[in-house]
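Trainee: Submitted below is the structure of interest, expressed as structure tokens.
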Amino acid sequence: MAIKLGDTPLAVREAIGFDDAQWHRFYWLTKEEAQKLLRDHPKWATYEDVSTSECAGLLARINETLAKDHIPTITEDVLRWRMTRVIRERRRSQAAGGITGSAQSQPSVGGTQPYDPVRDV
């Protein structure tokens, strides 16, 4: 079965036949690899920005680690599905952190909020 980008995690997990422990390990491993990838290449915003050679190396590293842990290896379409999701999640959390961080660093004038008739009733 080909994995599509819109597939749910449950559908992908069933398609590749991972049990709970294998799925958890796969998720953690791909999250770590995505963090390294984004740290080494901060301008890459999506998985499509990743070079073909980097994708091949990423797949090889992940499959090597999975094999050492006696977990079945994955295919390129599974890697594309997972990395697309994890990179998007990381970028969203970074964007939200930037907004939240700047909003929290702004002290309120006078230390109180203005009167709000809905909130303060």
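Trainee: From the helices alone, meaning DSSP H stretches of at least four residues, give me the mean residue ellipticity at 222 nm for the chain, per-run term -39500 (n - 2.57), in deg cm²/dmol to the nearest 500. Intermediate results must be reported in sequence, preceding the final value.
Mentor: Values: 4 runs with 76 residues, N = 121.
That comes out to -21500 deg cm²/dmol.
Trainee: At 20 angstrom or more along the helix axis (alpha-carbon based) and mean Kyte-Doolittle of 0.0 or higher, what helices does the chain contain? Whole DSSP H runs only. All intermediate terms of the calculation are to be shown ahead of the outcome.
Mentor: Details: long enough: 20-40 (30 Å, -1.29); 52-68 (24 Å, 0.14); 76-105 (42 Å, -0.88).
Counting only whole DSSP H runs, the qualifying helices are 52-68.
Trainee: So, one more: Using DSSP to define loop residues, name the trypsin sites (Lys or Arg not before Pro) in segment 1-51 whose beta-carbon has at most 16 other beta-carbon atoms within 10 Å.
Mentor: Within segment 1-51, the qualifying trypsin sites (Lys or Arg not before Pro) (loop, at most 16 other Cβ atoms within 10 Å) are 4, 43.
Trainee: Please report the orientation-averaged projected area of the chain, defined via the convex hull of its C-alpha atoms, in nm². Walk me through the numbers before you get to the answer.
Mentor: On the way: hull surface 46.5 nm².
If you wrap the Cα atoms of the chain in a convex hull and average its projections, you get 11.6 nm².
Trainee: Still on this structure, I have one more. Taking the number of other C-beta atoms within 10 Å as the exposure measure, put 118, 12, 50 in order starting with the fewest.
Mentor: Details: 118 5, 12 21, 50 18.
Placing the least packed residue first, the sequence is 118, 50, 12.
Trainee: Give the aspartates and glutamates reachable from residue 31 as a straight Cα distance under 19 Å; neighbours fewer than 8 places away on the same chain don't count.
Mentor: 7, 19, 20, 40, 48, 49, 54, 64, 69, 76, 77, 89
Bear in mind these aren't lab numbers, they're just calculated from the coordinates by the rules spelled out. Not measured: the values here are computed from a predicted model. Using ideal geometry, Cβ is built from the backbone for each residue, glycine included, and neighbour counts are taken over all protein chains shown.
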